[in-house]
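Some notes on the structure that comes next.
The values are calculated or read from the model by the stated rules, or taken from the named source; none is laboratory data. Source: prediction; values computed, not measured. All Cβ positions, even for glycine, are placed from backbone atoms using ideal geometry, and neighbour counts span all protein chains on display. Note: areas computed on protein heavy atoms with side chains; ligands, DNA, RNA excluded. Shrake-Rupley method; radii C 1.70, N 1.55, O 1.52, S 1.80 Å.
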Amino acid sequence: MAKMSLEDLRKLRENTQQQIKKRDMEGKQIQIIVGMGTCGIAAGAKVTLDAFVKELDAKGMGGDAIIRQTGCMGLCQNEPTVEIVMKDMPSIIYGRVDAKVAKEIVEKHILKRELLNEQILDRPAGDILKK
């Protein structure tokens, strides 16, 4: 194995600290929960999860949100499914979330607090949605 310079070690430490920060729940106001049951994985949920990581990193939000995995959400015909949980907003489940839709969710739902109505599978009753 090649020797590492002090600068290489510093870069490695910084990258590792960033990865740990992404997994830490403390102080996170945004949760992105990707359905990773066998049905979700077969429908492309791994690509969806990677797209969220890439988009959040591109927007400099890698440490602001936690991306979690869950099993089947019971909406197999609409996989990949993603639930977004944010403070002061209702939890929303989106269906058929590919890389393009993941980018839209970050840009519209997370940054602008706008719902992507055409992708929503489950939302709270209208009387709890704040207008």
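Side notes on the structure shown:
- Residues of segment 95-118 that turn out to be open to solvent by 30 Å² or more (accessible area, probe 1.4 Å), farther than 20 Å from ALA58 by Cβ and either in contact with a Gly (Cβ under 6 Å, 6 or more places away or on another chain) or in a loop (DSSP other than H, G, I, E, B) (or both), as a count: 2
- Pairs with Cβ under 6 Å, 6+ apart, first in segment 93-118 and in contact (Cβ under 8 Å) with a residue 40 or more places away in the chain, second charged (D, E, K, R) and open to solvent by less than 50 Å² (accessible area, probe 1.4 Å): LYS103/GLU55; VAL106/GLU55
- Any hit, segment 59-66, residues being out of contact with any Pro (no Cβ under 8 Å at 6 or more places or on another chain), part of a helix (DSSP H, G or I), open to solvent by 20 Å² or more (accessible area, probe 1.4 Å) and among the basic types (Lys, Arg): no
- Within segment 47-66, residues that are farther than 18 Å from LYS108 by Cβ have Cβ atoms under 6 Å from residues that are outside any loop (DSSP other than H, G, I, E, B) and of a type in the set (S, T, N, Q) in these pairs: ILE66/GLN31, counting only partners at least 6 apart in sequence or on another chain.
Each row is one residue, and each column tells you yes or no for (1) buried (at least 19 other Cβ atoms within 10 Å of the Cβ); (2) within 15 Å of the chain's Cα centre (by Cα); (3) in a strand (DSSP E or B).
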{"site": "ASP8", "(1), (2), (3)": "no, no, no"}
{"site": "GLU14", "(1), (2), (3)": "no, no, no"}
{"site": "GLN31", "(1), (2), (3)": "no, yes, yes"}
{"site": "GLY40", "(1), (2), (3)": "yes, yes, no"}
{"site": "VAL47", "(1), (2), (3)": "no, yes, no"}
{"site": "LEU56", "(1), (2), (3)": "yes, yes, no"}
{"site": "CYS72", "(1), (2), (3)": "no, no, no"}
{"site": "ILE84", "(1), (2), (3)": "yes, yes, yes"}
{"site": "ILE93", "(1), (2), (3)": "yes, yes, yes"}
